[in-house]
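What follows is a single structure, written as structure tokens, with notes after it.
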Amino acid sequence: MYSASIRRTKEEKKLLRRQIKASHTLLKHEGISTVSHPTKHLVVSNGGLGNGVSRESLLQVLKEGGTAGQNAYTLLNGRALQCHDQSVTLNLSYAEKVDSDRSVSCALAPGLSVLEDFVSPEEELQLLQAVDWTAHTDEVTAQKALKHRRVKHYGFEFRYDNNNVDKDKPLPGGLPAECDALLQRCLADGHVSVLPDQLTVNQYQSGQGIPPHIDTDTHSAFEDTILSLSLGAKTVMDFKHPDGRSVAVVLPERSLLAMKGESRYLWTHGITPRKCDVVPVLEVGGSGVMTSDLSNLTLSRCGTRTSLTFRKIRHAPCKCAYPSVCDSQQPPSLPTVPVAEGDACRLEVQYVHQVYEEISSHFSSTRHSPWPRVRDFLLSLTPGSTLADIGCGNGKYLGISPEVMSVGCDRSANLVQICIEPGYEAFVSDALSVPLSSGSCDACISIAVIHHFSTQERRQAAVRELVQLLKVGGRALIYVWAMEQEYNNQKSKYLKERTTGTSMERSNELKTEENKSNQQDEHDRKISTDVKCIEEQNVTQPRIHIHTNRTAFLSQDLLVPWHLKGNPEKNKGAASGSTNGPLDNTSQGPVFHRYYHVFQQGELEEMCSGVTGVEVLRSYHDQGNWCVELEKTHGNSSKNGIA
């Protein structure tokens, strides 16, 4: 590649060694092969965003001698560029092929919008002049110098010690009069439904930022929509979802950021402290809102930015769709993972049995369609077979095969009543002690039941009870929620149906068995000692956290929220009236929390294999559930029953 007969100066030899090293690095890490002859691709191997060599500085040099082939190579290779406070000597190489398809697909967080040039340069100047940073003793505002920025509050002081406001102590003077026209425009354009009454002004010098946070961490402080106006300079704000998704959003100077719904309540946002931001190259008419195309980035020097963040004080508890991060919807205490049998029983009474009695009517209204593979199992049974559905819920599987004699049982008396109304055979029973004779059933199903038991021993006991009911040669089908909601590169239907903002409230968010969420450990410090459910529990056990629906699981033991819709009195039980009428989904009811243990891959199969007299016929993943079909291979001791 390089001729050894050419006599080179010391500097040329040094540059050549750097080129050779850069060529090896490009091949190893980027898959780019360099060549010695001119091509249409030039790779700048040591100049880029990391050391301050921007696209603009390279283009400026190229304009001096043309941008094609050997001219560019001769002009730039070995050229020393002064970039900010350092000198960078460029190393260039020819390449036959460069992969230009390097863009990353990004989308704004749901409920997030950026409106460019929302104020004019004249309005910007007027707003900046309205903020008097010298008035330290001014009683109209509350001014603070924080570690990474300085802050001024209008209307109400936001207290950083408790992430809240004293709603009974408004600051005199209200919001600056210079903001009136801006806020009236926001109201007229529909960005807010009511005028804000609190303003926080943050001023960031170059190199300053703010850690990731939810605005605010306590939902009870402010209403839904948050508006933030960027003045003086642009910045890059990083948004991150609890499941790890992230997006960097460029906020241009004089732009308005509006956060509502999911982006306001669930995603964290922050500004990384740095002297330069990586931003898209702005073309004529281009917005430059998203940092999405890795081949089209450059550096932007961070200037002094002033943000005006407008909020509306909240005077009622927050009822958003994100209870895992909502202080208004936290229960008085979070239980711990039980160890003792008594603790497990108390946990299941409070977070399973009592909950299903309360939500039975609403729960039943969301359970209509049988799952296809469960239906196939039931239709495969020989006519005249006896089937027991243990944990039958509203009985949707009891009428699948008319030629099979089906009976169901459930711990909820209200759900059993729903089963009886259309004529199904059902009775109230605990899944650990079913009053049917041993060996009386040709088949049993347990669909989305065993994950409600809170210890390994009780979960395995539920499997043993199923086997006890089976005849020798009888089969059982078990479904439990899966930890792995994305399996074989396929997301479960539940994850795919993730919705946003108020649509999440309106959606049938709890119609499938695989609710998901993402717990946030910082809630431990916000929750008082449990005085009700776990007085006798070992407090060193991990807490069971509340999860937000339709996000990936991060722990196996969790509480899943159920937002009760419709008339609460009607929802308390089907016995009080028919469940066939339309459900009123417009009224906001209380939130209940159900306990679940989600199973990891192989866990259900291993647990079933540990039961005597059982052969696992098959194990599979079905739309966010782990499933096992097993067969009873030999008999067991009999027990008294009603069959």
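The values are calculated or read from the model by the stated rules, or taken from the named source; none is laboratory data. Quick caveat, the model's predicted, so the values are computed rather than measured. All Cβ positions, glycine included, derive from the backbone under ideal geometry; neighbour counts span all protein chains shown. Areas reflect the complete protein model, heavy atoms only, side chains present, ligands, DNA and RNA absent. Shrake-Rupley method; radii C 1.70, N 1.55, O 1.52, S 1.80 Å.
Before moving on, here are some points about what is shown:
- Oblate is the label for the range 435-489, because the ratio a/c of its alpha-carbon gyration tensor axes (a ≥ b ≥ c) is 1.5 or higher and a/b is not greater than b/c.
- Average projection, convex hull of the Cα set of the range 316-441: 10.7 square nanometres.
- Cα-projected label distance for ASN489 with GLN205, points at 7 Å along beta-carbon direction, nm: 5.1 nm
- Taking one quarter of the surface of the C-alpha convex hull of the range 226-266 gives a mean projected area of 2.8 nm².
- Value in Å of the Kirkwood radius, where the range 328-371 supplies the Cα pairs that are averaged: 12.7 Å
- Sorted on the mean count of surrounding Cβ atoms within 10 Å across their residues, most packed first, peptides 121-129, 400-408 read 400-408, 121-129.
- Using a Förster distance of 25 Å, the FRET efficiency for ILE313-GLU123 (Cβ separation, nearest 0.05): 0.50
- Protein accessible area in the range 380-493, 1.4 Å probe - carbon and sulfur %: 47 percent
- Per-pair calculated FRET efficiency, R0 = 56 Å: ASP180 and GLN541 via Cβ, rounded to 0.05: 0.55
- Under the simplified labelling scheme, the GLN556-ARG618 pair shows an inter-label distance of 2.6 nm, with each label point 7 Å from Cα along Cα→Cβ.
- Using a simple spin-label model with pseudo-atoms 7 Å out from Cα toward Cβ, ARG150 and GLN82 lie 3.2 nm apart.
- Sorting the segments 241-247, 389-395 by their mean number of nearby beta carbons within 10 angstrom, highest to lowest, gives 389-395, 241-247.
- When the chymotrypsin sites (Phe, Trp or Tyr not before Pro) in the range 143-219 are filtered for DSSP coil states and for at most 16 other beta-carbon atoms within 10 Å of their beta-carbon, the remaining sites are TYR160.
- Legend: residue pairs LYS240/LYS491; LYS21/LYS234; LYS28/LYS493; LYS275/LYS312; LYS260/LYS493; LYS240/LYS312, Cα-Cα distance threshold 31 Å; pairs beyond threshold, LYS21/LYS234; LYS28/LYS493; LYS275/LYS312.
- Distances between placed amide hydrogens fall under 5 Å for ASP197 paired with ARG311, LYS312, ILE313, all partners being 5 or more residues away or on another chain.
- Ordering of 472-478, 444-450 by packing [mean C-beta count within 10 Å, highest first]: 444-450, 472-478
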